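The values are calculated or read from the model by the stated rules, or taken from the named source; none is laboratory data. Since the structure is predicted, the reported quantities are computational estimates derived from the model, not experimental observations. When we count neighbours, we look across all protein chains shown, and the Cβ atoms used for this are built from the backbone with ideal geometry, even at glycine. With ligands, DNA and RNA removed, areas are computed over all heavy atoms of the protein, side chains included. Shrake-Rupley method; radii C 1.70, N 1.55, O 1.52, S 1.80 Å.
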Amino acid sequence: MTPPDGPLLTAHGLRKSYGPATALDGAAFSVRPGEIVAVTGPSGSGKSTLLHCLAGLVRPDAGSVTYAGTELTAMSDAERGALRRGEFGFVFQYGQLMPELTCVQNVALPLRRNGSSRKEAERAALGWMERLEVAGLGRARPGEISGGQGQRVAVARALVTGPRVLFTDEPAGALDPFEGERVMELLTGAARTAGAAVVLATRQARVAAWSDRESAVRDGRSPDLRRTA
Ligand code: ADP
């Protein structure tokens, strides 16, 4: 098991290529329980690929990812899927809400999939929507709300299952600066309330400023961690 102050999620020597394109070239990473870490770097530096490897969405060509003492990279696809559903939450650049469902149904969906009753799931969903200040939008459909409101609903959906790690890739990337700041304030505040660690991939300095610590990626490498390795 993970010691209380030890890292929750670590990666070493990650390599990943897509044909001739090298996305990761020996990247390393580490986050402690409840810590908010920004993965920073210019476009194309490998941030999204690193996040996807850490979350078990992409299998690296080489290197290892360890979560709470278990090596993710050694698990079967089914085991990684179960781990993701139980322990991880996700917020991408565009909320990816289901357009045919209301906002509260979207937030309740992960709990419904885990077997909760509709009443129970929607009560928990509304609690998180209140925390994200979108409880009034419960009956609205995603097409009827703003981009910033949609991201707040997506954050509520990601936290409703009580994940230990929230992975988020440019959560404010499609928003104007004002909306973006508000989403970041609410996202980081809600994650701290939930006790979830956050892995935040962004090329925007003002978004990274919401983190506790920055972990740079340059050309698929981790310059800061390599220096101290
Ligand atoms: P960032 O998130 O920093 O913009 P990415 O991880 O998306 O960087 O991409 C890193 C490099 O890997 C880029 O050169 C990109 O074109 C390439 N890449 C990423 N994903 C794919 C993919 N699915 N297919 C082909 N090339 C990819």
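Some notes on this structure:
- Matching option when the condition is more than 19 Å from residue 50 (Cα to Cα) and at pLDDT below 95, among 228, 161: 228
- Checking each residue in the stretch 141-157 for being within 13 Å of the chain's Cα centre (by Cα) and either open to solvent by 40 Å² or more (accessible area, probe 1.4 Å) or within 17 Å of residue 33 (Cα to Cα) (or both) picks out only 157.
- Just one of the listed residues (175, 187) is buried (at least 20 other Cβ atoms within 10 Å of the Cβ) and in a loop (DSSP other than H, G, I, E, B), and it is 175.
- Residue in the stretch 173-196 that is more than 16 Å from residue 34 (Cα to Cα) and either among the polar types (S, T, N, Q) or in contact with a strand residue (DSSP E or B) (Cβ under 6 Å, 6 or more places away or on another chain) (or both) present: no
- If the condition is being part of a strand (DSSP E or B), open to solvent by less than 20 Å² (accessible area, probe 1.4 Å) and away from the ligand (no atom under 12 Å from the Cβ), then the stretch 29-54 contributes 29, 31, 36, 37, 38.
- Members of the stretch 1-28 that are more than 7 Å from the ligand (Cβ to nearest atom), part of a loop (DSSP other than H, G, I, E, B) and either open to solvent by 50 Å² or more (accessible area, probe 1.4 Å) or not hydroxyl-bearing (Ser, Thr, Tyr) (or both): 1, 3, 4, 5, 6, 7, 8, 20
- Selection within the stretch 129-140 - outside any helix (DSSP H, G or I) and open to solvent by less than 40 Å² (accessible area, probe 1.4 Å): 132, 134, 138, 140
- Scanning the stretch 85-117 for residues that are open to solvent by 60 Å² or more (accessible area, probe 1.4 Å), over 22 Å from residue 184 (Cα atoms) and modelled with pLDDT under 95 gives 85, 113, 114, 115.
- Qualifying residue in the stretch 56-64 (condition: small (Gly, Ala, Ser), assigned to a helix (DSSP H, G or I) and open to solvent by 30 Å² or more (accessible area, probe 1.4 Å)): no
- If you filter the stretch 66-80 down to residues that are of a type in the set (D, E, K, R) and surrounded by fewer than 14 Cβ atoms within 10 Å (Cβ to Cβ), you find that the one that is nearest to residue 10 (Cα to Cα) is 71.
- Contact map, the stretch 151-177: residues that are at negative phi and within 16 Å of the ligand (Cβ to nearest atom) paired with residues that are of a type in the set (Ser, Thr, Tyr) and in a helix (DSSP H, G or I), Cβ distance under 9 Å, separation 6+ or inter-chain. Pairs shown: 169/48.
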